[in-house]
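Visitor: Just dropping this structure here.
FYI, it's all coordinate maths here, none of it is from the lab. These numbers come from a predicted model, not from an experiment. Positions of Cβ are backbone-derived with ideal geometry, glycine not excepted, and every protein chain shown enters the neighbour counts.
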Amino acid sequence: MKKLVYACIGLFLVSLAATGCSSEGRSAGLGALGGAAAGVGGYEYNAHREKERLEEDLRSGKIDRREYEIRRDQLERGSIFR
């Protein structure tokens with residue numbers, strides 16, 4: 001996921017360099033960057049909700065501590081922000 005973010009930022013910078021001062025190119029580049037940021041934000045929000053659900057499952061006894069640790073580690077590995 002980090003590679004995707006870096007690729008989007010790189011693409012944005014290349015598009016700015018290629019279009020120069022043209023407003024159409026900048027608008028498209030900003031739109032692409034904004035869309036990527038929104039996608040990452042939605043993904044992170046979903047991961048946060050999953051972590052909350054996971055903690056609730058542990059408190060309620062639906063899963064044991066070992067299962068909690070495994071699933072939390074999986075969520076954290078998929079997260080961009082740790």
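Visitor: Could you compute the net charge surrounding R65? Neighbours are other residues with a C-beta less than 13 Å from the C-beta of R65; K and R count +1, D and E count -1. The partial results should precede the final answer.
Guide: On the way: positive: R59, K62, R66, R71, R72; negative: E55, D57, D64, E67, E69, D73.
So the surrounding residues net to -1.
Visitor: Here's a follow-up. If each residue's Cβ is checked for other Cβ atoms within 10 Å, how do K62, K51 rank with the fewest at the top?
Guide: The fewest-first ordering by Cβ neighbours comes to K62, K51.
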